[in-house]
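Contents: one structure, followed by commentary.
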Amino acid sequence: MTDITPARRRPPLSRSLLALTTAAVLAAGLTACSSSDDEPAAEDAATPTATATVEPTLTAEQQAACDSLLDAATALLDLGGSGEDGPTDEELTQVADVYRGIAAGLAGEEQAAATTVVETVDEVVQTGNQKLLEDESLLGSMLAPAAAGRTLCGYAPVDFMAHETPAATGDGQPEMAYMGLPDSLPSGRTSFQLTNEGEDFHEALVMKVKDSYSGTMDDLLQLDDEAMAQAADIVAATVTAPGATAATNVDLSAGRYVVLCHIPVMDGTGPDAQPKMGADGPIWHYSVGMAHEVTVS
Ligand SMILES: [Cu+2]
């Protein structure tokens, strides 16, 4: 349908958001997966302060993996595909290549997770069986290697939390917020790590606001998905199950960024829960406070 050049390109925001929201809903099985994946990451992340200034000595394979980790979020979004047909073979091949590079330079559970992604995506290309992409453990495998961004690659750590305040009444909305995200950051390779303190899934979409958009963050959050895609690009993304921690890596350049959670507020818990609807459609977590602007200089 669209021309796909070998260079990686950004998917349209609307399907990106759909992909991640779908991923979050899919991620019912993420808890079990991420709890095991997160154990080593949590230990390794215990001393994040020095990593920003120490220049790690990496092998060529490790350096290539660190570079590929910066593409992992885009790969995650690519799996949402171009529409109801799902991702194209070209998109799938790009995803597999990104994760091949990651697997080649990592070790242990992170390498195993990346290898699982490669094998799964390769099999989808060979068999055309896109149902394999719906395996709920795949998302966990895609997210797990991101922890190496800080432990191996030395990317500057930024830790924050997703926090929920339940609605006071059944009719009210909960309040949701990121805690610990700074208002400003230096440019450079950065490891965002989100810890989910809530009872719902939460994600962090790191969006770079385009120079052409002069509205405030609140203005941006009022836009529909299509208009938001005109105003900002997703440059990194991760999803966390309740109680879990997940990371995403991005090479920040100077500019305005908005970090937001594009998961719908649900009307209950469990498999029968449905998105709560407002006047303009689903009420997103970012509409009840889970958004934060960061200026990078
Ligand atoms: Cu959220």
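The values are calculated or read from the model by the stated rules, or taken from the named source; none is laboratory data. A quick note: this is a predicted structure, and the numbers were derived from the prediction, not measured. In this analysis, Cβ positions are derived from the backbone assuming ideal geometry, glycine residues included, and neighbour counts consider all displayed protein chains. We work out accessible area using only protein heavy atoms, side chains counted, and drop any ligands, DNA or RNA first. Shrake-Rupley method; radii C 1.70, N 1.55, O 1.52, S 1.80 Å.
Tabulated values for the structure
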quantity: Among residues of the stretch 258-297, those that are surrounded by 17 or more Cβ atoms within 10 Å (Cβ to Cβ) and among the polar types (S, T, N, Q), counted; calculated: 1
quantity: Those residues of the stretch 244-257 which are away from the ligand (no atom under 14 Å from the Cβ) and either within 25 Å of residue 168 (Cα to Cα) or in contact with a helix residue (DSSP H, G or I) (Cβ under 6 Å, 6 or more places away or on another chain) (or both), in sequence order; calculated: 245, 247, 248, 249
quantity: Those residues of the stretch 208-228 which are more than 21 Å from the chain's Cα centre (by Cα), in a helix (DSSP H, G or I) and closer than 17 Å to residue 295 by Cβ, in sequence order; calculated: 218, 219
quantity: Those residues of the stretch 251-290 which are hydrophobic (A, V, I, L, M, F, W, C) and in contact with a Cys (Cβ under 7 Å, 6 or more places away or on another chain), in sequence order; calculated: 290
quantity: Residues being open to solvent by 40 Å² or more (accessible area, probe 1.4 Å) and touching a Gly at 6+ places or on another chain (Cβ under 8 Å) - total across the stretch 245-257; calculated: 1
quantity: Residue in the stretch 117-137 that is open to solvent by less than 50 Å² (accessible area, probe 1.4 Å), more than 16 Å from the ligand (Cβ to nearest atom), of a type in the set (Asp, Glu) and free of Cβ contacts under 8 Å to residues at least 40 places away in the same chain present; calculated: yes
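For (1) within 17 Å of residue 65 (Cβ to Cβ); (2) among the aliphatic types (A, V, I, L, M), each residue gets a yes or a no:
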{"position": "106", "(1), (2)": "yes, yes"}
{"position": "111", "(1), (2)": "yes, no"}
{"position": "123", "(1), (2)": "no, no"}
{"position": "134", "(1), (2)": "no, no"}
{"position": "139", "(1), (2)": "no, yes"}
{"position": "143", "(1), (2)": "yes, yes"}
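To keep it simple, each residue is scored yes or no on (1) within 14 Å of the ligand (Cβ to nearest atom); (2) open to solvent by less than 40 Å² (accessible area, probe 1.4 Å).
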position	(1), (2)
144	no, yes
164	yes, no
167	no, yes
171	no, no
175	yes, no
192	no, yes
204	yes, yes
209	no, yes
228	no, yes
